[in-house]
Amino acid sequence: MVEGKKRKRLTEREIKQAIKNISGNSSMTNESSSLGVTRQGLRSAILRFQPEFTIQRTIHNVICHVCGKQFNLTPSRFKRSKHHFCSTDCFSMWYMVKVEQPKIESFFGREAVRTAQSLNQNYDISTHSIHFIDRNNKNSSMRNIEIFETEKEHILYHLQNG
C-alpha cells in the first residue's frame, strides 16, 4: 500500500447502490471506478454485506463457423474474433481451407485431375474438391476419387466421417 494513502471504506448505502447497479447493466469495473475503489475491494465489500450475491457474467450464444453447433462464449472470447469454433478440430478444418493456396493441377497431380474430369464433365479445379477415399493422393483410380461441389462439403464430410 502506498504510504499516506488510506483505503476508502464504503458505506452501506454505497454498497446497496453498487449491488443495484451491477444487477442492472453496469459493470463491476465501472462501479468500482465511480466509487474510487478497486474492483476486488468492491467485490469484497459486497460479499461482506451480502454473502449470497453472485455476479452474472454475460454469455454469448454463438454458432460454430464450420459445423453449425451452438455453444457459449464469454464476452472476451466473443470479441476476440469474428469466426467462432466449437473445437480445435473445427478451427483446424477452417484454417486449412483458409490458408490453402489456389488449387493447381500439381497439388492433386495431373492424373487425379484427369480422373476427376472423366468422372464429372463439369469438374472445375477452382470450385470443386477432390476427396481420396483411401486418403492416398497418389492413388488416382476412379474407385478412389470422390468429387465434392465445394470445399465446405468436403470439410463437413471429414467432420462427420473422420
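Here are the numbers:
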| item | result |
| --- | --- |
| Residues (surrounded by fewer than 16 Cβ atoms within 10 Å (Cβ to Cβ) and closer than 19 Å to E153 by Cβ) located in region 56-93 | I63, G68, K69, H83, D89, S92 |
| Of all residues making up region 14-31, the number that are among the β-branched types (V, I, T) and surrounded by fewer than 16 Cβ atoms within 10 Å (Cβ to Cβ) | 1 |
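Rule-based calculations on the coordinates, nothing more; no lab input. Being a predicted model, the structure only gives us computed values, none of them experimental. As a convention, Cβ positions derive from the backbone with ideal geometry for all residues, glycine included, and neighbour counts pool all protein chains shown.
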